[in-house]
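Reading through the C-alpha cells given below for one structure.
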Amino acid sequence: DGEMKELNDMVDSLNNGFVEMQNVVLNNKKAALLAAYYNVSTRDGDAGLSEKEYKRFLAKLTIEQRQKFQDFGTFQEIAGDDGIIDLGEFQNVVDSIISECDEEMMKLMGSGGEGKGKG
C-alpha cells in the first residue's frame, strides 16, 4: 500500500534526523568538556590535570556530568602512575562517557544501536 510506504519513509526520515541531531548534541558536549579540560589544565603551564586541577575541572561540570566522571573512576585510576591526567587519558574518559550516552539514547529510541557509526 502506497500510503503505508510513505508513512514508513516519513518515520525513517524523522528517526534519521533525530540520530543526526543527537550526534550533534553529543559532539557539542564532547567539545565543551575538552574546552573545560584545556581551560583548567593550561592555567599552570604544565600539561595535563593534577589532582587539584581535576577537582577544579569537576567543579565546573553539571551535577550529571560530574557524576559520570566520578562513576568512571577515581583521579588515581584515571591518571595512572604519573599522577597526571593527560589529554589521551582524558579523551578516553570522555569517549567512554559519550559512548554510554549514545547507547542510552539508542535504547530510548528502541533501535538497539542501529544507525550507529554513520557519523
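Observations, loosely collected:
- Measuring between alpha carbons in the structure, the pairs from 5/107; 52/107; 30/107; 30/52 lying more than 28 angstrom apart are 52/107.
- Set the Cα radius of gyration of the stretch 31-90 against 2.2 N^0.38 Å, with N its number of residues, and you get 1.01.
- Projecting label points 7 angstrom from Cα along Cα→Cβ for residue 15 and residue 28 puts them 2.5 nm apart.
- Couplings 3J(HN,Hα) for the stretch 74-84, derived from phi with the Karplus relation 6.51 cos²θ - 1.76 cosθ + 1.60 (θ = phi - 60°), are 6, 4, 4, 5, 6, 6, x, 5, 7, x, 10 Hz, where x marks Gly and Pro.
- For the chain, accessible area per residue (1.4 Å probe, heavy atoms of protein chains only), Å²: 66 Å²
- Longest to shortest principal axis, alpha-carbon extents of the chain, angstrom: 66, 23, 22
- Cβ-placed point charges (K, R +1; D, E -1), dipole of the chain about Cα centre in debye, nearest 20: 540 debye
- When 41, 13, 96 are compared by accessible surface with a 1.4 Å probe, the order from highest to lowest is 13, 96, 41.
- DSSP-loop trypsin sites (Lys or Arg not before Pro) across the stretch 41-73, with at most 15 other Cβ within 10 angstrom: 43, 60
- Apportionment of accessible area to carbon and sulfur, the chain, percent (1.4 Å): 51 percent
The values are calculated or read from the model by the stated rules, or taken from the named source; none is laboratory data. Every value quoted in this text rests on a predicted model; they were computed, and no experiment measured them. Counting neighbours? That spans all protein chains shown, and the Cβs are built from the backbone with ideal geometry, glycine included. When the accessible area is computed, the model is the full protein with side chains, heavy atoms only, and any ligands, DNA or RNA have been set aside. Shrake-Rupley method; radii C 1.70, N 1.55, O 1.52, S 1.80 Å.
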